[in-house]
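Peer 1: First, the structure itself, so that you have it in front of you.
The values are calculated or read from the model by the stated rules, or taken from the named source; none is laboratory data. Note that the structure is a prediction, hence the values are computed from the model and not measured. Quick reminder, even Gly has a Cβ in these numbers, built from the backbone with ideal geometry, and neighbours come from all protein chains shown.
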Amino acid sequence: MNKKNYRALVLSFLLFFTSCSLVGEWWYERLDKIIANYFYEYAEFDKKQKEEIKNISELYHDWLSKKELPKYRSLLVELRDLDETTSDRDIENISTMAEQRFIASNNFFHPYIIDFSIEMTDEQVSQIDQHFKDIVNKRKEAEKERKKEENSTLETFIRIFKFLKIDLNEEQKNKIIDFSIKAEEIDKDPDFSDFDQAKWTKELNLILVDRKLTGFESRLDKHLKVFNEPRDESELNKRLNILIAEIISSLDEKQRKNYKQRIDFFIRSLDGIIENYI
């Protein structure tokens, strides 16, 4: 079993709904600049390289607008239509839909990253290696802090549902606490492996160091596609799907009304973007 899938699923709900809150023309029309600035932080690139990153970001923005936004809208509709009959299979299907969108974006960037990497300097490769090491260290520190907090899983879910305008009742909170206890037990299972990002970063650096050798393109492509691997059917994933389904299906009239109104707000915001960009 792979713990990265459990972490990714919880995080995907957080990031997805948070990004929805930012949906709007002002934010979206600047998306290419946001992405370019994100990549600029990897290393000290020269003017020509920055221009190339800028162009790639603009191409992604155009592709996202024309090809992907309607699919994101469909995902929002699926979320909105969850009701008292919601099952863990429904949650699994929606997770798969979200995963497919993540993979599509990853795949868009892969050929550009490969071509760009070939022309990087040794110093830039070293800077990128340090950049990813810093990310790993920051995440380790954040994980340590999380473990110190009591009921951190409960607080995470409370924040997610509050963002959706849902105040969880005591019964719903108790379901999350029960899940959290079982999750910690599974977490301690020696057969429950974690995604080793430090190892992934080390392997990335070795591949980039050999970027002038034959076979570099296929090696890097394969390495980047690690994040495209489908989520496994781990016990933890199954329990998480059941938990989310139980909470969604147990929403009372007020909670469900707030939930649907919130998702409808996101859909209307996305419709405005689709109308202007397609």
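Peer 1: Identify, by number, the condition in (1) under 25 Å from HIS110 (Cβ atoms); (2) part of a loop (DSSP other than H, G, I, E, B); (3) among the aliphatic types (A, V, I, L, M) that ILE53 doesn't meet.
Peer 2: Condition not satisfied by ILE53: (2).
Peer 1: Of all the residues that make up the stretch 106-135, how many are β-branched (Val, Ile, Thr) and outside any helix (DSSP H, G or I)? Write out each step before concluding.
Peer 2: Going through the stretch 106-135, the residues β-branched (Val, Ile, Thr) turn out to be 113-114, 118, 121, 125, 128, 135.
Keeping just the survivors that are outside any helix (DSSP H, G or I) gives 121.
Final tally of qualifying residues: 1.
Peer 1: Look through the stretch 124-164, keep the residues that are modelled with pLDDT under 95 and among the β-branched types (Val, Ile, Thr), and return whichever of them is surrounded by the fewest Cβ atoms within 10 Å (Cβ to Cβ).
Peer 2: Applying the filter and picking the extreme gives ILE135.
Peer 1: For the stretch 67-105, enumerate the residues that are in a loop (DSSP other than H, G, I, E, B) and either polar (S, T, N, Q) or under 15 Å from the mean Cα position of the chain (by Cα) (or both).
Peer 2: THR85, THR86, SER87
Peer 1: Is there any pair with a first residue in the stretch 47-74 that is farther than 24 Å from ASN93 by Cα and a second that is not hydrophobic (A, V, I, L, M, F, W, C) whose Cβ atoms are under 6 Å apart and which are 6 or more apart or on different chains, and what are they?
Peer 2: Short answer, once both residue conditions are applied: ILE56/TYR112; SER57/ASP32; GLU58/ASP32; HIS61/ASP32.
Peer 1: To continue, here is another question. Among the residues of the stretch 165-172, are any surrounded by 15 or more Cβ atoms within 10 Å (Cβ to Cβ), in a helix (DSSP H, G or I) and modelled with pLDDT of 75 or more?
Peer 2: yes
Peer 1: To continue, here is another question. Residues to consider are LEU11, LEU22, LEU59, LEU64; find the one that is modelled with pLDDT under 95, of a type in the set (A, V, I, L, M) and either closer than 21 Å to ILE118 by Cα or surrounded by 13 or more Cβ atoms within 10 Å (Cβ to Cβ) (or both). Walk me through how you get there before you give the answer.
Peer 2: Values: LEU11 fails: either closer than 21 Å to ILE118 by Cα or surrounded by 13 or more Cβ atoms within 10 Å (Cβ to Cβ) (or both); LEU22 fails: either closer than 21 Å to ILE118 by Cα or surrounded by 13 or more Cβ atoms within 10 Å (Cβ to Cβ) (or both); LEU59 fails: modelled with pLDDT under 95.
Result of the check over LEU11, LEU22, LEU59, LEU64: LEU64.
Peer 1: Examine the stretch 212-222 for a residue that is surrounded by 17 or more Cβ atoms within 10 Å (Cβ to Cβ), of a type in the set (Ser, Thr, Tyr) and either over 30 Å from ILE114 (Cβ atoms) or more than 20 Å from the chain's Cα centre (by Cα) (or both), and state whether such a residue exists.
Peer 2: no
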